[in-house]
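A.B. asks: The structure's right below; bear with me while I get my questions together.
The values are calculated or read from the model by the stated rules, or taken from the named source; none is laboratory data. Note that the structure is a prediction, hence the values are computed from the model and not measured. Quick reminder, even Gly has a Cβ in these numbers, built from the backbone with ideal geometry, and neighbours come from all protein chains shown. The area values use the complete protein model at the heavy-atom level, side chains included, leaving out ligands, DNA and RNA. Shrake-Rupley method; radii C 1.70, N 1.55, O 1.52, S 1.80 Å.
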Amino acid sequence: MKYRTALIGLSWIATDPAGSASDPIVGTALPGSHASAMAAIPDIELVAGCDIVATAREGFLERWSGRWPELGVYGDYREMLARERPDLVSVVTPDHLHTEPVLAAIEFGARAIFCEKPLATSLEEADQLVAAVSASQVVMCVDYTRRWMPEFVEARRIARSGAIGRLSQIVIHTGGPRAMLYRNHTHVIDLLSYFADAEPDWVIAELEPGFEDYGTAYRGDGGGDPATEPGANYYVAFANGVRAYVTGMKDTVPELRVDLIGPGGRLSLDVEGLRLITVESEDLRTKPTVTRMERLTPSWTVAGVQAALCDLIAAMETGRPTASPPETARQAVAITQAILESQAHGNRPAQVARIAAQRPTGVPPA
Ligand SMILES: NC(=O)c1ccc[n+]([C@@H]2O[C@H](COP(=O)([O-])OP(=O)(O)OC[C@H]3O[C@@H](n4cnc5c(N)ncnc54)[C@H](O)[C@@H]3O)[C@@H](O)[C@H]2O)c1
């Protein structure tokens, strides 16, 4: 079965040729772009791409019309959706411009939508999307790419297996100029939910100096200019007792480092790969602590964006959920909103459930 597929937004992340994985942990490669991942999936027939910028359309054709000779380009995605009637649509527009293309893809009968992160930059839009998806037959998946990256999937599996005892603490560092809340932090915020496996309860946050009065509404430019969006440090309490600490100011090293900690050990994930550190001593009062470190190198044949697209196709064919449905992506929007609310209220705890309930899931804005 060939699924007619279209791309909305034709920047590098949508159209780059396949490159070698430079750093699978930091996440810079591994079939980098949407088009290169699609090229590796026999079920996908890329029929068209749309961008409002002519040079982006030209670059897309230059790179990919050899692989798909019938490839069309458009400057208006509604026209593209009406003419091409794709089964699968990838939405790769700037951070704050996902809602309209996703709703249009549903309107024109797409069966599956792969949407870049974040789901939306407001709870209102996130709710609108969750409601529209659940009212239709469409399957939607949000590209929190690490949900399909071997080290992250393996770290979660091991944490759930009890190898470190009950997971109690998550410590993550992110940084560098791209550590903007809705840009790179949104990956980290999603990882917190992914590993904690529970509803977020409350959040305490401090935004980057200079953004003290940022307010509670998104004021970014779609992820382009770091000056329009803050980095942050925050602490998230989950309903099952898991506590998460994130250091993520922009004036820190642009590195992703994850520690999952329990009473029996720690899983560490960074540029050195995934390690499991366990404590061997049964009785810490009477015996010296003996720690053991094991390097883990999970191998997958398909990972990253390619695995996400395969997951989406399987979900469309079988009716099972994907690893990143809009409901969990909405949770990342709710936590981000709580981060802004905590700062706006003197760095006091912000109740995520109260903030998220301001408009219950599934109810579109009036
Ligand atoms: N999952 C990941 O690891 C990852 C990595 C990079 C980017 N992203 C996400 O991909 C998305 C795009 O990021 P980017 O940095 O390439 O953004 P960008 O702003 O550089 O590019 C987006 C493209 O969309 C086009 N566009 C804007 N409005 C449009 C419209 N109405 N119709 C058609 N095209 C339109 C722009 O012209 C541009 O070519 C963002 O949501 C970003 O967060 C995800």
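A.B. asks: Could you tell me which helices of the chain pass both thresholds, a Cα extent of 20 Å or more along their own axis and a mean Kyte-Doolittle hydropathy of at least 0.5, with helices taken as whole DSSP H runs?
C.D. replies: 304-318
A.B. asks: Given +1 on the Cβ of Lys and Arg, -1 on the Cβ of Asp and Glu, and no further charges, what dipole in debye does the chain carry about its Cα centre, rounded to the nearest 20?
C.D. replies: Computed about the Cα centre, the dipole is about 920 debye.
A.B. asks: Radius of gyration and Dmax for the chain's Cα atoms, expressed in Å?
C.D. replies: 20.8, 74
A.B. asks: May I ask you to order 260-268, 78-86 by the average number of other C-beta atoms within 10 Å around their residues, highest value first?
C.D. replies: 260-268, 78-86
A.B. asks: At 222 nm, what value in deg cm²/dmol follows for the chain if DSSP H runs of at least 4 each add -39500 (n - 2.57) and the sum is divided by all its residues, to the nearest 500?
C.D. replies: After summing the helix terms and dividing by residue count, I get -9000 deg cm²/dmol.
A.B. asks: Report the label-to-label distance for Arg320 and Asp213 in nanometres (one decimal), using points 7 Å from each Cα along the Cα→Cβ vector.
C.D. replies: 5.3 nm
A.B. asks: While we're on this one: Using the Kirkwood radius over Cα pairs, work out the Stokes-Einstein diffusion coefficient for the stretch 107-193 at 20 °C and 1.002 mPa s, in µm²/s as a whole number.
C.D. replies: D = 140 µm²/s.
A.B. asks: First obtain the Kirkwood hydrodynamic radius of the stretch 124-264 from its Cα pairs, then insert it into the Stokes-Einstein equation at 20 °C and 1.002 mPa s, and state the resulting D in µm² per second as a whole number.
C.D. replies: The Stokes-Einstein estimate is 131 µm²/s.
A.B. asks: In percent, how large is the relative contact order of the stretch 211-277, given Cα pairs closer than 8 Å and 6 or more residues apart?
C.D. replies: Result for the stretch 211-277 is 17 percent.
A.B. asks: Then there is this: Under a Cβ-Cβ cut-off of 15 Å, what is the net charge of the residues other than Val203 that fall near it, where Lys and Arg count +1 and Asp and Glu count -1?
C.D. replies: Computed value for this residue: -2.
A.B. asks: So for the stretch 48-197, what percent of the C-alpha to C-alpha distances run longer than 26 Å?
C.D. replies: Summing the P(r) of the stretch 48-197 above 26 Å gives 40 percent of all pairs.
A.B. asks: Hey, got a sec? Which GluC sites (Glu not before Pro) in the stretch 271-326 land in a DSSP loop and have at most 10 other Cβ atoms within 10 Å?
C.D. replies: Qualifying residues, ordered by number: Glu272, Glu282.
A.B. asks: Hey, what did the chain get for relative contact order, percent, Cα under 8 Å, at least 6 apart?
C.D. replies: Reported relative contact order: 20 percent.
A.B. asks: Also, I was wondering about something else. Once all Cα-Cα distances of the stretch 171-218 are split into 5 Å bins that start at 0, what whole-number percent is in each one?
C.D. replies: Per 5 Å bin, starting at 0, the Cα pair percentages come out as 5, 15, 25, 29, 17, 8, 1.
A.B. asks: Which order do peptides 62-68, 310-316 fall in by mean Cβ count within 10 Å, highest first?
C.D. replies: Per-residue mean Cβ counts within 10 Å order the peptides as 310-316, 62-68.
A.B. asks: Given a cut-off of under 8 Å on Cα pairs at least six residues apart, what relative contact order in percent is computed for the stretch 122-257?
C.D. replies: So the answer I get is 32 percent.
A.B. asks: I would also like to ask the following. Averaged per residue, what accessible area in Å² does the stretch 233-332 show with a 1.4 Å probe, protein chains only?
C.D. replies: Averaged over the residues of the stretch 233-332, the accessible area is 50 Å².
A.B. asks: Cα atoms only, the stretch 131-171: Rg and Dmax in Å?
C.D. replies: Taking only Cα atoms of the stretch 131-171, I get Rg and Dmax of 15.2, 41 Å.
A.B. asks: On the protein heavy atoms, probe 1.4 angstrom, tell me the percent of accessible surface of the chain carried by carbon and sulfur.
C.D. replies: About 52 percent, which is the carbon plus sulfur part of the accessible surface.
A.B. asks: In nanometres, what is the gap between the two model label sites at Ala357 and Ala135, each 7 Å from Cα along Cα-to-Cβ?
C.D. replies: 2.4 nm
A.B. asks: Three principal axis extents, largest first, for the C-alpha atoms of the stretch 216-366, in Å?
C.D. replies: Its Cα atoms span 62, 48, 32 Å along the three principal axes.
A.B. asks: Could you pull the accessible area for Val253 with a 1.4 Å probe, rounded to 10 Å²?
C.D. replies: 80 Å²
A.B. asks: Not counting ligands, DNA or RNA, and with a 1.4 Å probe, what is Tyr194's accessible surface area in Å² rounded to the nearest 10?
C.D. replies: 10 Å²
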